[in-house]
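None of the figures in this text is laboratory data; all of them are computed from the coordinates on show. This structure is a prediction, so every number in the text was calculated from the model and none was measured. Every residue, glycine as well, gets a Cβ built from its backbone with ideal geometry; the counts of neighbours run over all protein chains shown.
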Amino acid sequence: MRRPSLLAWALLALWSAWLHALQGQWAAASPWAADLGMVLLVVLAARMPAGDLVKGGLAVALGRIAVTIDPPAAVLVGLLVPMAVFGALRSVVVIRAGPARAVLAGLASALLAWWLAHVHLVRAGGSPAGLAASLDPGAWRTALSTALVALVLGPLFALLPGLALVTRRRAWEVAASSR
């Protein structure tokens, strides 16, 4: 059993920051930008040991905090809660499977967009009751594009350099390596 080092977590945060920066560039050019950080989060939730899920969610959140104007506390809650939910769901749903990964990433990105819109509305002095009227319809475009990216490119996110240090090996890989 190997334990991820501080370097492995720093690499995860760095990849997260780069993916979120790429997401920002994509969003500036198209309303169909996917939430690449949420795709990374879902991919990691399927592959990380249960004890490292919070650390992984924290690293992805720190990467997003580095490149966003959203309040850091809201980003932490918006990414750590889905990571906990994904961790609980992976015992009953095969998150590694394409359709499940896509649905979870799309739904979580829509909820994250709603959460951040709610936070911005309250910080601007608006009433939380008026949130339904202020929701951006672009959140559903983001959810659909996130689901598509998670379906098509999700497995590639697990192959990013350095991330093998924070993901677990499958049982057959462990058994085969002991011979």
Degrees, to the nearest 10: 6-29 long Cα axis against longest axis of the chain: 40 degrees
If the chain between residue 88 and residue 26 were fully stretched, how many nm would it gain, using 0.36 nm times the residue separation less the Cα-Cα distance? 19.2 nm
Most positive-pole-ward Cα, 85, 158, 49, against dipole of region 6-169 from beta carbon charges: 49
Output the relative contact order of region 6-169, whole-number percent, from Cα pairs under 8 angstrom with separation of 6+ residues. 34 percent
Kirkwood Rh and Cα-based Rg: tell me the resulting Rg over Rh for region 6-169, rounded to two decimals. 0.96
MRE, 222 nm, helices only [DSSP H, n ≥ 4, -39500 (n - 2.57), over the chain, to nearest 500]: -23500 deg cm²/dmol
